[in-house]
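The structure appears below as structure tokens.
The values are calculated or read from the model by the stated rules, or taken from the named source; none is laboratory data. Remember, it's a predicted structure, so these values are computed and weren't measured experimentally. Please note: Cβ atoms are built from the backbone with ideal geometry, for glycine as well, and neighbour counts cover all protein chains shown.
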Amino acid sequence: MRHIRVSVAMATYNGEKYIQEQIRTILQNLTDNDELVISDDGSKDQTRKMIEAFQDKRIKFIQGPKKGIKQNFANAIKHTSGDIIFLADQDDIWMKNKVETVLKYFQNSDILLIQHDAIVIDSQRNILYESFSSLRNVKVGLVRNILKNSYHGCCIAFRKELKKEILPIPENIYLHDQWIGLIAEMNGNTKFIPEKLIQYRRHEQNASSFKHLPIHQIIKNRYQIIKSILHYSKNRGAQ
């Protein structure tokens, strides 16, 4: 058994359609010593019953803050106890080798956060794009990821040391994964790896979107993330 303990932080809300398949693919990646922390934001469907039906001691179900996806993920992350924390959406499909592949890269102690590639599928598991990373032209770089975000939560894993830096996640920012990626870049090295380790499902209920936002919303979002990063940097410098 490996010595590194893994936590998976999942945020759920009305996810009954895909949640069981996703949990099964996550659990097959975990050892008996790992955990799947699920923060549910008040689902009104059968999500909770489906989660509890697994009766797996590795699953830790907690009540979400009911403040939307950013704070639901923050709540899940807060309750993790592993050495490496993976983020998970409620509707994707993990490859069998996802965790072990990512952990090999973390053998480099200089790496704080890793993002892998993904195959993009639709609700019927038809392939829409062979590579999410190519589609979004992902790259590291602080300024680059303020202007055009590359970080995508369902493909991210990071060391537990990052928790104290990213929490609390600011209310006013648009994307929690962009925040996590930028804070990681300010505290260490991040790495994009080429392996496609999930099938990333795109459907009408997705919380995120590939569509371009109106220009005024883009400007507002950039202003808010810059403001939050500057605030973080100021507080870090004062410590």
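Some notes on this structure:
- Here is the figure for segment 9-35: residues that are crowded, with 21+ Cβ neighbours inside 10 Å and either in contact with an Asp or Glu (Cβ under 8 Å, 6 or more places away or on another chain) or without any contact (Cβ under 8 Å) to a residue 40 or more places away in the chain (or both) total 8.
- Filtered by the rule that a residue be assigned to a helix (DSSP H, G or I) and touching a Phe, Trp or Tyr at 6+ places or on another chain (Cβ under 7 Å), segment 1-46 gives Ile23, Thr25, Ile26.
- Among the residues of segment 83-101, just one is farther than 22 Å from Tyr18 by Cβ, in a helix (DSSP H, G or I) and in contact with a strand residue (DSSP E or B) (Cβ under 6 Å, 6 or more places away or on another chain), namely Thr101.
- Qualifying residue in segment 103-116 (condition: surrounded by 22 or more Cβ atoms within 10 Å (Cβ to Cβ), touching a Phe, Trp or Tyr at 6+ places or on another chain (Cβ under 7 Å), under 18 Å from Thr190 (Cα atoms) and not β-branched (Val, Ile, Thr)): yes
- Pair list, Cβ < 8 Å and 6+ apart or interchain, from segment 44-64 residues that are under 21 Å from Asp32 (Cα atoms) to residues that are part of a loop (DSSP other than H, G, I, E, B) and of a type in the set (Asp, Glu): Met50/Glu16; Arg58/Asp32; Arg58/Asp34
- The conditions of being assigned to a loop (DSSP other than H, G, I, E, B) and among the basic types (Lys, Arg) are not met by Lys49.
- Test: residue in segment 218-233 that is in contact with a strand residue (DSSP E or B) (Cβ under 8 Å, 6 or more places away or on another chain), touching a residue at least 40 places away in the same chain (Cβ under 8 Å) and over 24 Å from Ser7 (Cβ atoms): no
- Members of segment 207-229 found to be modelled with pLDDT under 75 and under 17 Å from Ile156 (Cβ atoms), listed by number: Ala207, Ser208
- Residue in segment 61-82 that is buried (at least 18 other Cβ atoms within 10 Å of the Cβ), part of a strand (DSSP E or B) and either at pLDDT 95 or above or in contact with a strand residue (DSSP E or B) (Cβ under 6 Å, 6 or more places away or on another chain) (or both) present: no
- Given (1) at pLDDT below 95; (2) surrounded by 14 or more Cβ atoms within 10 Å (Cβ to Cβ), index of the condition Ala157 fails: (1)
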